[in-house]
Each structure stands twice: as structure tokens, then as C-alpha cells.
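Report on the structure given below.
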Amino acid sequence: MTGKIKILAVDDSKSTLEVLKRNLESSGYEVFTSLRVDEALPLLEEYDIDIVITDFKMPQANGLDLIRHVRENHRDVEIMMITGYPSISGAVEAIKDGAGEYLPKPFTAEELLSAMDRIMERVRRRKAVQPAEVSKENYGIYGKSPLMQLVFRRIAKAAGTNANVLISGESGTGKELVARAVHYHSDRRAAPFVPVNCAAIPDSLVESELFGHVKGAFTGAKEARIGFFEIANGGTIFLDEIGDTSPNMQAKLLRILQSKEFCKVGSSTVNTVDTRILAATHKDLKLLVDEGSFREDLYYRLNVVDIPVPSLAERGDDILIMISSFLERFATAMQRSVPGMTDEALQAMRNYAWPGNVRELENLVQRLVVIVDHDPIEITDLPANMRFSLPVDGRVDRSLADVEKEHIKNVLAMTNNNKTRAAEILGINRKTLREKLKRM
């Protein structure tokens, strides 16, 4: 996010406003203050306010009136209610009317900033889900995460050469999109890009499919046929799922990689092609080489430039960017307005493991746009296995303290910052939890 987050604090107590302003400005926020609701409304209109903090009981219009006004006129503004008269009914009413946080007075600087951290997480998600702009530098592929920046750099390097490329990654991560990006940003862009699913070619038809055949070459060959390599001459052939090829197919591929020559089935005429090879796999080819099921010489021929494509769960907030893009694409195709999503729904999707990767995300967003007839899309609209997912982090390079810190944060989020309940779940007393929070 660029620029300071702007906060409007509304309270009839000057001392409370001074405390809010001092603590929030020292944390890097830009703070506007007002003693009355009617004086706050012009500030709300004049400045691009991100967060409103309001007292509950004030003269004339009160905090609930302000909350309702904000919700009706400034949908994207986050709200925190503070009050010296805490009650269950007051909290319920404030949250029902749109307050994302409810903080009883007196509060400590730690409690205030902790509540602000939770609100800022929602602000961050909301800003990330704004309609995404796809720059040419990103080859039409959505992503700002460090792992995707590495992919973009590898694409740029690969596009500037004629070297063979091996693209690896789980199924559904977008390996073919990466291959197309390499081709269409290379000097071969005007020539054909020919995708081939290696796993779908029967071993008996490998030569015919790859190199073509002449008429009468075998029973059923009533006409001559051009193979994939000849179709891609001057351009690029994309060999998807190269790890599923048979030893026979591997031998045929190695020959054309070495010599750029082939013979059609049924012919002794040697043909030459200038075809660049991009290959992709969801398997560990080096492991297959060690096991003896994939040729080592073919592996090194293919793996001149390697482009590892990360799983969706490893890409952080890229998930939010893609949600926005898919919502816009499918809503536009259906000629309807682009629906929003609640913070709870976004958080659930952000935390989900996505075993089917981008393909699964795209399918789900399309289904939501088609099926859900209200706006915004809510967490209850998501599949049951997604609604209560805990954050996924497969890294093993974190310290025990980091893992503990993340777990405490997750438990606090799950309990809506109820420290007594969180301490019970964590198996520690409230004092120990408080001490741990001080060190976080």
C-alpha cells in the first residue's frame, strides 16, 4: 500500500482523542479528529478515510448513527467502536451495523494497536482485491509475490534465447501459461505454438503423432499426416507432462533434440526442423532419473533453463489478486456487475491449501459468480471444507518462536481476540499469554 492510512477518530472526550492521536500517529497513521458526529461527516467526505474510530455514546447523533452512515455511504471504510459503557447488547448492535472491531474503555496502547492490526489486515485484503491491472512485464500472468517475480525473471531470460526450457510445478499451477509467455515474447512469436499432452499419446502412435506418416505407412493410414514437430517448425513445441513419457518416446525425443532430424513413419526421407522445445512436468524428473525411469541424457537436454512454478498456497496475496481478476472476468462474461466478497470469505480463501492450485481457484470463482445471487459473496457460500481452514505454511525453515507466534495469532483470531478463551485453548493461563503477547 502506498501513502499513510487515514483514520478519522470521533469522540466527545478530548482526552480520548489525544490518546488515540498520539498512539496512532506514532505508529505511522494519519489521524483526523472530531468531537461530534455532525462535524465528522465533512471530514469523511473531504479526505479519503480508510478507518473510522467512533465512541458509542455522544451528544445528538451517536456512534451507531455514524456507523450506519458510513456503511450506507462509504462501503470500503473499516470501523472500530470504542465505548466506556461496554455491554453485550451494545457490542452486538455495533457489529451488526458494521463495526469490525469493538474496544471497551479504558484500553491500553497495546490493545488499541492490536485491534488496529486486525483492521489493517482487512484493509490490506480489500486493497489487494481491487480490480487487477496486468502489466506487459508480467506476461499476462497475475502475481506480485517474490516466487512469481522469480518466474517472471526466468521467463524474460528464456524468451531471449532459443535454449530448451523445463517448467516444473504441481498440476494446475499454470505451466502452459508460462510456456506460452516464453514463446510469445521470443523471436518465434509469429510462428506456431503447438501444445502436446505427452501422457495422452499411446506408445504405438508416438512416431506418427510426433513426426507424421506417409500414406499407406500402416493399416488405416489412408492419407499422409504431418507430425507435431513439423507443424511447429520455426516455432515452439510444448511437451506437457514429459515425465509420463515411455522409454520409447524418450528415445525418439532424444534423437530429434540431438540432430533436429526425423523420418516420417513409412518413409526413409530425412527431414530437418527448427523447432524449439519447452517441456513441463509435475513430477521430480531428477528423482525419476535416479530411479532409472527417465533418461539422464534427455533430462539434461531439456533442462537448459529451468522455471519452477510455485503452488498457489505458496504465493501469498497473489490469491487475492487472482480472485479479483476471475470475479471481473466471469461477471463481465455474464453481463452482470462484479460482486464483492466479505472479509471472512476472503480470509477463508486466503487460508485454504488449494490442492488443485490456480485451476481449482478459477473453477470455484466461476461457480460462485454463476450460483450466488447476492452481493457480497459470503463465507457461507464457500464449500464446507474451505470455511474453517487454518493458515497453511509448509515452510520448515522457521524457528520454534515464529511457529508459536503464528499459532497464538491464529487462536486469537479464531476467538475474536478473547484472551481468556485463547489461553484455555493454548493450555496456558491469561498472565502467561499476556507476557507472550508483549514479546511478539
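Key figures for this structure:
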| read-out | value |
| --- | --- |
| Proximal lysines relative to Lys431, as straight alpha-carbon distance under 21 Å, when same-chain residues fewer than 8 apart are discounted | Lys105, Lys405, Lys409, Lys419 |
| Relative contact order of the range 227-278, pairs being alpha-carbon contacts under 8 Å that are 6 or more residues apart, as % | 54 percent |
| Placed amide H near Thr33: partners under 5 Å, 5+ positions off or other chain | Ala9 |
| Flagged links, alpha-carbon separation over 27 Å, of Lys21/Lys57; Lys175/Lys222; Lys252/Lys283; Lys157/Lys283 | Lys175/Lys222 |
| Size of electric dipole in the chain: Cβ of Lys, Arg +1 and of Asp, Glu -1, about Cα centre, debye, nearest 20 | 760 debye |
| Nonlocal amide H pairs with Tyr102, under 5 Å, H built at 1.01 Å | Met81 |
| The range 216-261, accessible surface, carbon-and-sulfur percent (1.4 angstrom probe) | 49 percent |
| Size of charge dipole - the range 289-373 - debye, nearest 20, with Cβ of Lys, Arg +1 and Asp, Glu -1, no other charges | 380 debye |
| Dipole axis of the range 155-257 (+1 Lys, Arg; -1 Asp, Glu on Cβ), positive-most option in Leu253, His183, Ala221 | His183 |
| Listed residues Ala313, Val52, Ile5: farthest to the positive end of the dipole of the chain (Cβ charges) | Ala313 |
| GluC sites (Glu not before Pro) restricted to the range 286-374 and DSSP loop, no more than 15 other C-beta within 10 Å | none |
| Stretch in the chain that is longest and holds no chymotrypsin sites (Phe, Trp or Tyr not before Pro) that DSSP places in a loop and that have at most 13 other beta carbons within 10 Å | 48-217 |
| Over the chain, relative contact order from alpha-carbon pairs under 8 Å, at least 6 apart, % | 12 percent |
| Residue with peak Gaussian network fluctuation, the chain [Cα springs, cutoff 10 Å], from Ile242, Ile82, Ile425 | Ile425 |
| Computed [θ] at 222 nm, deg cm²/dmol, the chain (DSSP H ≥ 4; -39,500 (n - 2.57); rounded to nearest 500) | -14000 deg cm²/dmol |
| Relative contact order, percent, the range 271-379 [alpha-carbon distance under 8 Å, six or more residues apart] | 26 percent |
| Anchor Lys260: aspartates and glutamates whose Cα lies under 14 Å away (excluding residues fewer than 8 positions away in-chain) | Glu230, Asp274 |
| Residues with amide H under 5 Å from that of Ile377, placed H, sequence gap 5 or more | Gly340, Met341, Thr342 |
| For the chain: accessible area per residue (Å², 1.4 Å) | 51 Å² |
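The values are calculated or read from the model by the stated rules, or taken from the named source; none is laboratory data. What you are looking at is a predicted structure, and each value in this text was computed from that prediction instead of being measured. Virtual Cβ from ideal backbone geometry, glycine too; neighbours counted across all protein chains shown. Just the protein is used for accessible areas: all its heavy atoms, side chains included, with ligands, DNA and RNA removed. Shrake-Rupley method; radii C 1.70, N 1.55, O 1.52, S 1.80 Å.
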